[in-house]
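The values are calculated or read from the model by the stated rules, or taken from the named source; none is laboratory data. It should be emphasised that the depicted structure is a prediction, and the values quoted were computed from it without experimental measurement. Here Cβ is always computed from backbone atoms with ideal geometry, including for glycine, and neighbour counts include all displayed protein chains. Quick note on the areas: whole protein, heavy atoms, side chains included, nothing else; ligands and nucleic acids left out. Shrake-Rupley method; radii C 1.70, N 1.55, O 1.52, S 1.80 Å.
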Amino acid sequence: MGAEQQQVIERLVAAYGTTYAEEAGIRLRNTPQPLYRTLVLACLLSARIRSSTAIAAARALYDAGLRDPRRMAAATWQERVDALGRGGYRRYDERTSTQLGDGAELLTERWNGDLRRMRDEADGDMSRLRTLLQEVPGLGPVGADIFLREAQLVWPETAPCFDAKTLEGARRLGLPDSPDRLVKIAGDTEPAVLAAALVRTALDKTVAREILDDASS
């Protein structure tokens with residue numbers, strides 16, 4: 001069973017192992033701008049909207065120059081709405097524009113626009129870090145989990161961060177829904193990469209069929 005599950009993970013990661021940050025054009029590093037862009041992406045992804053639309057909106061905000069908290073806060077409400085609209089994020093654009101502006105102001109005032117300072121404030125306490133993340137307007141429990149799911153690539157103390165959606169994907173593939181067991185089977189695969197692939201499995205039922213059919217052939 002272990003070898004079969006390892007094969008399933010290898011096929012899954014080969015086909016769908018692109019993190020959402022990478023898909024949005026974010027080269028995630030432990031530096032302020034890519035961390036902030038990942039936070040914005042998590043806010044957008046946490047809404048009831050297609051992930052492709054959220055990713056397009058994140059790219060549109062970047063193209064509009066809204067790449068860090070200070071620039072996001074300095075932009076007008078309408079400028080943020082227009083950027084979101086260009087990304088196709090129209091259903092929630094007005095509310096999200098307000099949240100992005102308020103969140104950028106909070107990050108700038110409290111952590112000098114640097115999410116690493118929030119990480120330092122949490123001091124290794126993941127529950128505390130989740131609570132701090134949820135102080136950002138528009139970032140609830142789901143959004144906090146999405147951010148940590150991606151950020152574990154550069155914040156290793158948060159790994160393995162496999163939220164409910166990740167584990168749902170694991171179950172669809174007949175894999176354990178235990179983070180530690182998944183990491184063990186996955187070997188050298190980055191937890192963030194595996195998590196992204198499993199989330200895609202949870203969101204699209206055809207992925208599980210494709211991977212399981214390939215593994216059995």
Legend entry - Asp125 paired with Asp177, simple spin-label distance in nm, labels 7 Å along Cα-to-beta-carbon: 3.0 nm
Legend entry - the chain: calculated mean residue ellipticity at 222 nm from DSSP helix runs of at least 4, using -39500 (n - 2.57): -21000 deg cm²/dmol
Inset, instruction - Give me the distance in nm between label points sitting 7 Å out from Cα along the Cα-to-Cβ direction at Glu168 and Thr18, one decimal. - result: 2.2 nm
Inset, instruction - First measure r as the distance between the Cβ atoms of Arg48 and Glu4, then evaluate 1/(1 + (r/R0)^6) with R0 = 35 Å and state the FRET efficiency to the nearest 0.05. - result: 0.50
Inset, instruction - With just the Cα atoms of region 75-176, tell me how far they stretch along each of the three principal axes, in Å, largest first. - result: 46, 34, 19
Legend entry - Neighbour net charge for Thr189 - beta-carbon separation under 13 angstrom, K R +1, D E -1: -1
Legend entry - Gly174 long-range amide H proximity, modeled H, under 5 Å: none
Legend entry - Relative contact order (%) - the chain, alpha-carbon pairs under 8 angstrom, separation at least six: 25 percent
Inset, instruction - Please say if region 11-55 is rounded, prolate or oblate, where rounded means a/c under 1.5 for a ≥ b ≥ c the square roots of the C-alpha gyration tensor eigenvalues, and otherwise the choice is prolate for a/b larger than b/c and oblate otherwise? - result: oblate
Legend entry - Taking region 69-173 and dividing mean pair separation by its residue count, relative contact order in percent (alpha carbons under 8 Å, at least six apart): 19 percent
Legend entry - region 31-130: Rg to Rh, with Rh as the Kirkwood radius over Cα pairs: 0.98
Legend entry - Solvent-accessible area per residue for the chain (1.4 angstrom probe, square angstrom): 48 Å²
Legend entry - Average silhouette area of region 162-205, convex hull of alpha-carbon atoms, in square nanometres: 2.5 nm²
Inset, instruction - Give the Rg (one decimal place) followed by the Dmax (whole number) of the chain, computed from C-alpha coordinates and expressed in Å. - result: 17.5, 56
Legend entry - Cα-based equivalent ellipsoid, region 122-217: semi-axes from gyration tensor eigenvalues, Å: 27, 15, 9
Legend entry - Theoretical FRET efficiency, 1/(1+(r/R0)^6), r = Cβ-Cβ of Arg116 and Asp82, R0 45 Å, to 0.05: 0.90
Inset, instruction - Please work out the C-alpha center-to-center distance from region 153-217 to region 63-77 and express it in whole Å. - result: 34 Å
Legend entry - GNM top mover of Glu23, Glu168, Glu150 - the chain, alpha-carbon springs below 10 Å: Glu23
Inset, instruction - Please give, to one decimal in nm, the separation of the simple spin-label points placed at Asn30 and Lys205, each 7 Å out from Cα toward the Cβ. - result: 4.2 nm
